[in-house]
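Below is one structure, written out as structure tokens; the observations come after it.
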Amino acid sequence: MTITPVQDTPQWQALDAHFREMRDVHLRDLFARSPDRAERFTVEGAGVILDYSKNRVTEETLDLLLTLAEERGLRERIDAMFRGDHINVTEDRAVLHTALRLPADAELKVDGEDVVAEVHGVLDRMAVFADQVRSGDWTGHTGRRIRNVINIGIGGSDLGPSMAYTALRDYSERSMTFQFVSNVDATDFAEAVRGLDPAETLFVISSKTFTTLETLTNAHTARDWLVGALGDEAAVAKHFVAVSTNAEKVSEFGIDTDNMFEFWDWVGGRYSYPSAIGLSLMVAIGPDRFREMLEGFHAMDEHFRTTPFDRNLPVLLGLIGIWYDDFFGAETVAVLPYDQYLERFSAYLQQLDMESDGKHVDLDGKPVGVQTGPIVWGQPGTNGQHAFYQLIHQGTKLIPCDFIGFLETLNPLGDHHDLLMANMFAQTEALAFGRDAPEPYRVTKGNQPTNTILCRRLDPRTLGALVALYEHKVFTQGTVWGIDSFDQWGVELGKELARKIIPELQAEEEPELAHDSSTNALIRRYREARGK
Ligand code: F6P
């Protein structure tokens, strides 16, 4: 395929010219000019309201951005993704996380396979298993009921389920504990199992490839811990289940494939938690709630697929992001949920966005030539207000922010929710309009752009819609830049080098080191400290 570099398109050049007119325009003026700005720049879809009026855009900016999206073939790319075309070109794979949330009566055949039947077949098996564990019908090796579930996985096999479990904790089975072990640092495992009874503990080993160093290491340690305590290798059968695309490796590890929940290579790791990767979440919240979450995902998928771009939430979020990333030179996006249950949301989005759009070549393998994915970060308000907001208000950088809030709280205690939301609204107002003052140190210039994302209540449906909103935002941006948002070759080099260094750290004899002088010295220092 041959893709025109985005900066060579007339639409990009028109945006560049327009940027020169816009760069010093203040949000104060934009609001003063049009009293109905908020109304005009607010859209709603799949239960999510997006007020994007506090952005440094005019109707002309939006028209130019929307034309750019059309020109970059966003419509065709959306259709291609939902249809199952192999749009992940470097891995020659379909990208079908949207199929994970299709209703059972939908139809989708990809490469000759009835994808919907397969998806619902696995969902039904997951539901049976989740119900058995929740009801106590699934017992451990000694006949005791399972009270602790530990998901072992990393990246997409951890961040999704752990973020969603935290987000939906209010809906979870409170008589059980749920933990997520990811780091190869043994502390993660050791602290997770501290005080737990192995006879009541179930491990869900989640790994798409079932070859990931961290996950396999933790899984072996978990098996040793369990078998050591229960004194019987046969205990593995009742205390370990696997979620993977790789049945062979699962059996090699010693988990019966009857206790394996499968997914497919057309589900990218960071897009996988609505698949069987969400098994521990399903045990926590139950199959009905899990299905509600899938409905929320699907509602946003349909909104993205069918809504004209000028009212399409992921498209607008994506294009506005490009406006700052590429024209204003903003390097980051802060995601600031005003809900404690969303404390893992920005960590989740970091992988989703940065692993997807952190790319330097386009679909033809040529240098992209413009800035691609932003650095995503954030933490819940109001905590962040007392930490890093100072820099957003008065620092020298432009930091676009997404504020996410809910009209109703799940914990209605006193007036906490009014205070929380008053703070959220106040922040977007202060960031946009700032304050003049005689003393320079008091001046807050304002003109810091924000999106406000409002939903009624944090429930499974809403969470699904919010996650899909960001998935499709990332896709929109990747499409405009002309990159492959679904591979992650950049993580390979570090993995390979670590594989080489492991034996160098462990060898009894002094190894011959052929790294650079810094890496060689670090390895030697470590070996020395370990008495080698
Ligand atoms: O190293 C990156 C990555 O490949 C992610 O894309 C993926 O989510 C994670 O590792 C875990 O991979 P797996 O599910 O195969 O263990």
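Name the pairs: first residue in the stretch 315-341 and closer than 16 Å to Arg56 by Cα, second residue in a strand (DSSP E or B) and open to solvent by less than 10 Å² (accessible area, probe 1.4 Å), Cβ to Cβ under 6 Å, at least 6 apart or on different chains?
Final answer for the pair search is Val333/Val376.
Could we say that Arg270 is within 14 Å of the ligand (Cβ to nearest atom), among the charged types (D, E, K, R), assigned to a helix (DSSP H, G or I) and at negative phi here?
Yes: the conditions hold for Arg270.
Can you tell me how many residues within the stretch 345-358 are buried (at least 22 other Cβ atoms within 10 Å of the Cβ) and either out of contact with any Pro (no Cβ under 6 Å at 6 or more places or on another chain) or of a type in the set (Val, Ile, Thr) (or both)? Don't jump to the end; show me each part of the working.
Initial filter on the stretch 345-358 (buried (at least 22 other Cβ atoms within 10 Å of the Cβ)): 345-346, 348-349, 352-353, 355-357.
In the following step, the residues that additionally are either out of contact with any Pro (no Cβ under 6 Å at 6 or more places or on another chain) or of a type in the set (Val, Ile, Thr) (or both) were identified as 346, 348-349, 352-353, 355-357.
Qualifying residue count, the stretch 345-358: 8.
If I filter the stretch 512-521 for residues that are small (Gly, Ala, Ser), away from the ligand (no atom under 16 Å from the Cβ), loosely packed, with under 12 Cβ neighbours inside 10 Å and in a helix (DSSP H, G or I), do I get at least one hit?
Of the stretch 512-521, the ones small (Gly, Ala, Ser) are 514, 517-518, 521.
Applying the additional criterion that residues be away from the ligand (no atom under 16 Å from the Cβ) yields 514, 517-518, 521.
Then drop every residue that is not loosely packed, with under 12 Cβ neighbours inside 10 Å, which leaves 514, 517-518.
In the following step, the residues that additionally are in a helix (DSSP H, G or I) were identified as 517-518.
Yes, some residue in the stretch 512-521 is small (Gly, Ala, Ser), away from the ligand (no atom under 16 Å from the Cβ), loosely packed, with under 12 Cβ neighbours inside 10 Å and in a helix (DSSP H, G or I).
So which residues in the stretch 522-532 are open to solvent by 100 Å² or more (accessible area, probe 1.4 Å) and in contact (Cβ under 8 Å) with a residue 12 or more places away in the chain?
Here is the first cut: in the stretch 522-532, the ones open to solvent by 100 Å² or more (accessible area, probe 1.4 Å) are 522, 524-526, 528, 530.
Tyr526, Arg530, listed by residue number.
Counting only residues that are within 16 Å of the ligand (Cβ to nearest atom) and among the hydroxyl-bearing types (Ser, Thr, Tyr), which one in the stretch 336-386 is nearest to Val6 (Cα to Cα)? Working first, answer last.
Taking the stretch 336-386 and keeping what is within 16 Å of the ligand (Cβ to nearest atom), we get 344, 347-359, 373, 376.
Narrowing the set further to residues that are among the hydroxyl-bearing types (Ser, Thr, Tyr) leaves 348, 356.
Details: Tyr348: 28, Ser356: 18 Å.
Among those that are within 16 Å of the ligand (Cβ to nearest atom) and among the hydroxyl-bearing types (Ser, Thr, Tyr), it is Ser356.
I need the full set of residues from the stretch 423-481 which are open to solvent by less than 10 Å² (accessible area, probe 1.4 Å) and out of contact with any helix residue (DSSP H, G or I) (no Cβ under 9 Å at 6 or more places or on another chain), in order please.
The answer is Met424, Thr428.
Looking only at residues in the stretch 149-164 that are away from the ligand (no atom under 11 Å from the Cβ) and within 13 Å of the chain's Cα centre (by Cα), which one is surrounded by the fewest Cβ atoms within 10 Å (Cβ to Cβ)?
Pass one, the stretch 149-164, residues away from the ligand (no atom under 11 Å from the Cβ): 149-151, 161-164.
Okay, now just the ones that are also within 13 Å of the chain's Cα centre (by Cα), so 161-164.
Numbers: Pro161: 27, Ser162: 23, Met163: 26, Ala164: 27.
By that ranking, first place goes to Ser162.
Filter the stretch 182-215 down to the residues that are within 16 Å of the ligand (Cβ to nearest atom), without any contact (Cβ under 8 Å) to a residue 40 or more places away in the chain and of a type in the set (A, V, I, L, M) and list them by number.
Answer for the stretch 182-215, where residues must be within 16 Å of the ligand (Cβ to nearest atom), without any contact (Cβ under 8 Å) to a residue 40 or more places away in the chain and of a type in the set (A, V, I, L, M): just Val184.
With the checklist (1) farther than 24 Å from Ile399 by Cβ; (2) free of Cβ contacts under 8 Å to residues at least 60 places away in the same chain; (3) buried (at least 18 other Cβ atoms within 10 Å of the Cβ) in hand, flag the one item Gln13 doesn't pass.
Result: Gln13 passes all but (3).
Any residue in the stretch 76-96 that is more than 22 Å from Arg270 (Cα to Cα) and among the acidic types (Asp, Glu)? It would help to see each step written out before you state the result.
Quick first cut of the stretch 76-96, residues more than 22 Å from Arg270 (Cα to Cα) only: 76.
After this cut, where a residue has to be among the acidic types (Asp, Glu) as well, the list is 76.
The answer is yes; a qualifying residue exists.
I'd like the residue in the stretch 240-291 that is among the basic types (Lys, Arg) and either open to solvent by 30 Å² or more (accessible area, probe 1.4 Å) or touching a His at 6+ places or on another chain (Cβ under 6 Å) (or both) and, out of all such residues, is farthest from Ser485 (Cα to Cα).
Pass one, the stretch 240-291, residues among the basic types (Lys, Arg): 249, 270, 289, 291.
Next cut, either open to solvent by 30 Å² or more (accessible area, probe 1.4 Å) or touching a His at 6+ places or on another chain (Cβ under 6 Å) (or both) only: 249, 289, 291.
On the way: Lys249: 27, Arg289: 30, Arg291: 27 Å.
Of everything passing the filter in the stretch 240-291, Arg289 is farthest from Ser485 (Cα to Cα).
Gly405 - would you say it is buried (at least 17 other Cβ atoms within 10 Å of the Cβ) and not β-branched (Val, Ile, Thr)? Working first, answer last.
Details: buried (at least 17 other Cβ atoms within 10 Å of the Cβ): yes; not β-branched (Val, Ile, Thr): yes.
Considered against the rule, which asks whether it is buried (at least 17 other Cβ atoms within 10 Å of the Cβ) and not β-branched (Val, Ile, Thr), Gly405 comes out as yes.
The values are calculated or read from the model by the stated rules, or taken from the named source; none is laboratory data. It should be emphasised that the depicted structure is a prediction, and the values quoted were computed from it without experimental measurement. All Cβ positions, glycine included, derive from the backbone under ideal geometry; neighbour counts span all protein chains shown. In case anyone asks, the SASA skips ligands and DNA or RNA and just uses the protein heavy atoms, side chains included. Shrake-Rupley method; radii C 1.70, N 1.55, O 1.52, S 1.80 Å.
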